[in-house]
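The values are calculated or read from the model by the stated rules, or taken from the named source; none is laboratory data. Please read these numbers as outputs of a predicted model, since none were measured by experiment. When we count neighbours, we look across all protein chains shown, and the Cβ atoms used for this are built from the backbone with ideal geometry, even at glycine.
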Amino acid sequence: MHGHFRRGAVLESLGRWEESLAAYFLCLHFSSGSTDVTPIICQIIDRHLPDRNCTSFSFELTSRVVEICRSRLAADCSSTTDFSEEEKDDKIPHHLLDQSDFECILCTGLLDKPVTVACGHSFCQHCLSRSFDHTPFCPVCRSPLAEGFVQYARMSGKMNVDELLERVLHKHFRAACEEKRRQKEAERAHKLMVGVSESEELPVFVCTMAFPSLPCPLHVFEPQYRLMLRRCVESGGRRFGMCYPIDGGSFSSYGTVLYINTVEHTADGRSLITTTGEKRFEVLHRSTCDGYNTGMVRFIEDEPVTNPWEIVSLRSLQEEVFDHAKQWLEALPVYARLLLTQTVCCPLPGIDPHPENCPSGPMWVWWYVNALPTNPQRKIAFLKLTSLRERLLMLKDSLHLPIPTVSANGYDSREVHSGHQLTATH
Ligand SMILES: [Zn+2]
Ligand SMILES: [Zn+2]
């Protein structure tokens, strides 16, 4: 009954007078003799009749009309007084319902996991979550919503589904619900392959440098990136691309796919996530989706090394550069070494006994690339390389760079990011 009343109020606020009246009548019908609903509905009817060039009804006359409609509905429904809530929903005459009344005003699609907020408006759960990225008000009437409700929704990503609406949807619009479910499953199958298959468009977070195998903790607070993050997690794929911002609002042509390990939401709408770098990629085509960047990409892997002589030579070069890099690191002043290691967010990995086997080479190389006190362009150049030998030699060259210094503002040589990247806490 309350569901029909809320529905009547929503439709009335949208100016859909006849449909709201039908909803109120259903509410009356299911009120089973409750006396408090009729006067409210009579007032609403009286309020609207003058707009339609009709003579205003008296309370008595309105009540009579209501009674007539009520008895008609009762006849249609073969009403009895002992229906459960679910049985009553089943008795709603189909011809009184229109699919367009069950569409979400935010996405214009059939309500998906409908959530009805305190003011009576209903939305898809994911549409309302998206709205909460921007504002804690009802997206239709701008009513402020309970702080606890919004905070819980932001932190958990969950809201109670309106069971009445969901039951009515599945009962009366089964085919449309089934079609929507099939579409979602097809979309999900595609999204699962994001960051795995080159044929799927990759969401791109433009923020900082990320490298294969290394952790990259991030602080997500902008609404478009919160939406991107939610989509990545909900799809089950949990992958997006990370590129470095460049002048003019664009981003680097090379980046790294990040896999989301953990997500922690805060009550004020921010998210703290931990990610790990996977494949490198080159952006072939750029686009946008709902405010964030996307790209069609080509994954980058090292050329395979199969010749036994080359493998021996590569392993020997790895040992040489590893030792050289370690000496370089140990020779740094303590403050500089601490600052460098803090930028990477994980301890220095050991040498890889089979460096030729990994498509992005040994993890320790990326650790040094990330820690290097150099400009982003030079680091991006490392991402492009498809030869481990060249990457090792380039790292060896880079170890002659000047050591970082400390200023009043902190670490001079460290790049200024857009505020998303978290510093290491270990
Ligand atoms: Zn929606
Ligand atoms: Zn509202």
What is the residue count in the range 98-147 for residues that are touching an Asp or Glu at 6+ places or on another chain (Cβ under 9 Å) and farther than 26 Å from Glu179 by Cα? 2
Residue that is surrounded by the most Cβ atoms within 10 Å (Cβ to Cβ) [pool: residues in the range 122-135 that are more than 9 Å from ligand 1 (Cβ to nearest atom) and assigned to a helix (DSSP H, G or I)]: Phe132
Unique residue being assigned by TED's automatic domain parsing to the domain that holds Asn357 and hydroxyl-bearing (Ser, Thr, Tyr) when the list is Ser313, Ser253: Ser313
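Hey, could you check the range 136-164 for residues that are hydrophobic (A, V, I, L, M, F, W, C) and assigned to a helix (DSSP H, G or I) and say which is farthest from Leu111 (Cα to Cα)?
Our first condition is that a residue be hydrophobic (A, V, I, L, M, F, W, C); within the range 136-164, this holds for 137-138, 140-141, 145-146, 149-150, 153, 155, 159, 161, 164.
If we keep only those that are assigned to a helix (DSSP H, G or I) as well, we get 149-150, 153, 155, 164.
On the way: Phe149: 20, Val150: 20, Ala153: 18, Met155: 23, Leu164: 12 Å.
Of everything passing the filter in the range 136-164, Met155 is farthest from Leu111 (Cα to Cα).
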Identity of the residue in the range 282-323, assigned to a loop (DSSP other than H, G, I, E, B) and polar (S, T, N, Q), that ends up farthest from Pro359 (Cα to Cα): Asn307
What residue, among those in the range 102-114 that are touching a Phe, Trp or Tyr at 6+ places or on another chain (Cβ under 9 Å) and not in a loop (DSSP other than H, G, I, E, B), is farthest from ligand 2 (Cβ to nearest atom)? Leu110
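Can you tell me which residue in the range 115-146 is nearest to ligand 2 (Cβ to nearest atom), limited to those that are within 18 Å of Lys184 (Cα to Cα) and either among the aromatic types (Phe, Trp, Tyr) or out of contact with any Cys (no Cβ under 7 Å at 6 or more places or on another chain) (or both)?
Pass one, the range 115-146, residues within 18 Å of Lys184 (Cα to Cα): 123-130.
Checking the rest, the ones that are also either among the aromatic types (Phe, Trp, Tyr) or out of contact with any Cys (no Cβ under 7 Å at 6 or more places or on another chain) (or both) come to 123, 125-126, 128-130.
Numbers: Phe123: 9, Gln125: 16, His126: 18, Leu128: 11, Ser129: 16, Arg130: 16 Å.
Here the residue is Phe123.
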Residue selected from the range 107-121 under the condition more than 15 Å from Leu169 (Cα to Cα) and buried (at least 17 other Cβ atoms within 10 Å of the Cβ), by the criterion nearest to ligand 1 (Cβ to nearest atom): His121
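Among the residues of the range 285-331 satisfying the criterion of being aromatic (Phe, Trp, Tyr) and touching a residue at least 40 places away in the same chain (Cβ under 8 Å), which is nearest to Phe221 (Cα to Cα)? Give the steps one after another, and end with the answer.
Our first condition is that a residue be aromatic (Phe, Trp, Tyr); within the range 285-331, this holds for 292, 299, 309, 322, 328.
So of that shortlist, the ones also touching a residue at least 40 places away in the same chain (Cβ under 8 Å) come out as 292, 299, 322, 328.
On the way: Tyr292: 13, Phe299: 28, Phe322: 38, Trp328: 37 Å.
Here the residue is Tyr292.
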Could you tell me which numbered condition Ser271 fails, if it satisfies all but one of (1) among the hydroxyl-bearing types (Ser, Thr, Tyr); (2) surrounded by fewer than 16 Cβ atoms within 10 Å (Cβ to Cβ); (3) under 30 Å from Pro136 (Cα atoms)? (2)
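Report yes if some residue within the range 122-134 is of a type in the set (A, V, I, L, M), in contact (Cβ under 8 Å) with a residue 12 or more places away in the chain and under 23 Å from Thr294 (Cβ atoms); otherwise report no.
Step one: filter the range 122-134 for residues of a type in the set (A, V, I, L, M), giving 128.
Within this subset, residues satisfying the condition of being in contact (Cβ under 8 Å) with a residue 12 or more places away in the chain are 128.
Among the residues that remain, those that are also under 23 Å from Thr294 (Cβ atoms) are: none.
Within the range 122-134, not a single residue is of a type in the set (A, V, I, L, M), in contact (Cβ under 8 Å) with a residue 12 or more places away in the chain and under 23 Å from Thr294 (Cβ atoms).
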